[in-house]
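Enquirer: If you scroll down you'll find the structure; I have some questions about it.
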Amino acid sequence: ICVTRRETYLNFYYRDFMSLLVVGATGTLGRQIVRRALDEGYSVKCMVRNLRRAAFLKEWGAELVYGDLSIPETIPFALQGISAVIDASTARSLDQVPANQIDLYGKKALIDAAKIAKVKRFVFFSILRSQKHDKVHFMRLKNQTEVYLEQSNLPYTIFYMSGFFQGLISQFAVPVLDNKSVWITGEATPIAYINTQDAAKIVVKSIALPCTEYAKLPIVGNKTWTSEEIIRVCETLSGQKSNITRVPIALLKLLEKILNSFLWGSNIADRLAFAAVLTQGESFSEPMDRVYEISQVQQADMLSLEKYLQEYFSKILKKIKELNASQSTKIQDSSF
């Protein structure tokens, strides 16, 4: 249906999915979904906890409404007049509320409210391979929410992610450029990272496709990368030698146990447990052929990690060169 008689179906479905609610709209992926949806002509409402922090979304053309997944009674108002919900939210490691308050109970409340509001599509993001690692608290929350969504009878689309290019900047690019330590674990886990703009393109295109209803699809990059491979690319592009510090797995597990004994440390402990999963050498990738076919996104149009990092370092190195030139001019002027 997605490929044959495509225009007829899209014209029919598009009319039904004009009004979107994006939850987690200020996040790395959420903001790109908002921008793409607006560009595609959708009416976009963003449920946010901090209206001031989300002001840039309003400047783009989105409507802002207050809502907090940890306060369920704030959710129903945001769903008024909404056709589809895209939930890109997740608890942050430094959030004061426990992760399950947002990533389980909050999401269950959102699903319940969406069902009452007769939402026509609910888009949820999980983690690739999460079913294999149910003992990890963060992944178990994803699995439990996924099961709850399936049992709700809401039309849904579930996307499985592995990692984003944007997160690699602070993890690898900046430390290499600043000649600071790059912290990695001992094992080499290949991960198919993807650019959030490309991911957002696929997500927004999927909303109006009938064949993505009740579908579970991967959104990953075309190539897998280990930490050391990414570091080597950063070294080549920056002209800097990296300072690698390897963190023993035993230390991660010890820190996880210690942090779990404190309420304020539980969310950080969840991330450490997730990091430990990424040390087992399991490939975090899936074939994207079906996704490309139904979304009509060309594989060749997906940005590569090499190109992304090249653009980043080109901009940064140009800026550093300009600042050095400006500083040199000031020194020369002050010498007269």
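Enquirer: Once amide H atoms are built 1.01 Å from N in the peptide plane, which residues 5 or more positions from TRP183, or in another chain, come under 5 Å H to H?
Expert: Those lying under 5 Å, H to H, from TRP183 are THR245.
Enquirer: Please list, ordered by chain and number, the residues whose modelled amide H lies under 5 Å from the amide H of TRP225; skip anything fewer than 5 residues away on the same chain.
Expert: Those lying under 5 Å, H to H, from TRP225 are ILE191, ALA192, TYR193.
Enquirer: With a 1.4 Å probe and every protein chain kept in, tell me what percent of the accessible surface of the range 136-233 is carbon plus sulfur.
Expert: The computed percentage sits at 48.
Enquirer: Taking amide H positions as placed 1.01 Å from N in the peptide plane, with prolines and chain starts having none, which residues 5 or more places from VAL44, or on another chain, fall under 5 Å of its amide H?
Expert: Distant-sequence amide H within range of VAL44: LEU20, GLU63.
Enquirer: How much length, in nm to one decimal, is gained on full extension between LYS115 and ARG232, taken as 0.36 nm per residue of separation minus their Cα-Cα distance?
Expert: Extra length from LYS115 to ARG232 when fully extended: 37.3 nm.
Enquirer: Using protein chains only and a probe of 1.4 angstrom, how many square angstrom of GLU63 are accessible, to the nearest 10?
Expert: Rounded to the nearest 10, the figure is 100 Å².
Enquirer: So with the 1.4 Å probe, I'd like the accessible area per residue for the range 65-223, rounded to whole Å².
Expert: 39
Enquirer: Let me ask another. Restricting attention to the range 106-151, which trypsin sites (Lys or Arg not before Pro) occupy a DSSP loop and are surrounded by at most 12 other Cβ atoms within 10 Å?
Expert: LYS118, LYS135
Enquirer: Now, a different point. For a quick check of your reading of the filter: which GluC sites (Glu not before Pro) in the range 198-242 sit in a DSSP loop and have no more than 16 other Cβ atoms within 10 Å?
Expert: When the GluC sites (Glu not before Pro) of the range 198-242 are filtered for loop state and at most 16 Cβ neighbours within 10 Å, GLU213 remain.
Enquirer: Cross-link list LYS58/LYS216; LYS45/LYS205; LYS241/LYS321; LYS45/LYS115; LYS45/LYS120: which exceed 23 angstrom alpha carbon to alpha carbon?
Expert: Cα-Cα > 23 Å for LYS58/LYS216; rest within.
Enquirer: Relative contact order, percent, of the range 172-251 when contacts are C-alpha pairs under 8 Å separated by at least 6 residues?
Expert: Rounded, it is 56 percent for the range 172-251.
Enquirer: In addition: If ligands, DNA and RNA are left out, what is the accessible area of MET288 with a 1.4 Å probe, given in Å² to the nearest 10?
Expert: The accessible area comes out at roughly 10 Å².
The values are calculated or read from the model by the stated rules, or taken from the named source; none is laboratory data. Bear in mind that the values here come from a model prediction, so they are computed numbers and not experimental data. Quick reminder, even Gly has a Cβ in these numbers, built from the backbone with ideal geometry, and neighbours come from all protein chains shown. The accessibility values were calculated without ligands, DNA or RNA, using every heavy atom of the protein model including side chains. Shrake-Rupley method; radii C 1.70, N 1.55, O 1.52, S 1.80 Å.
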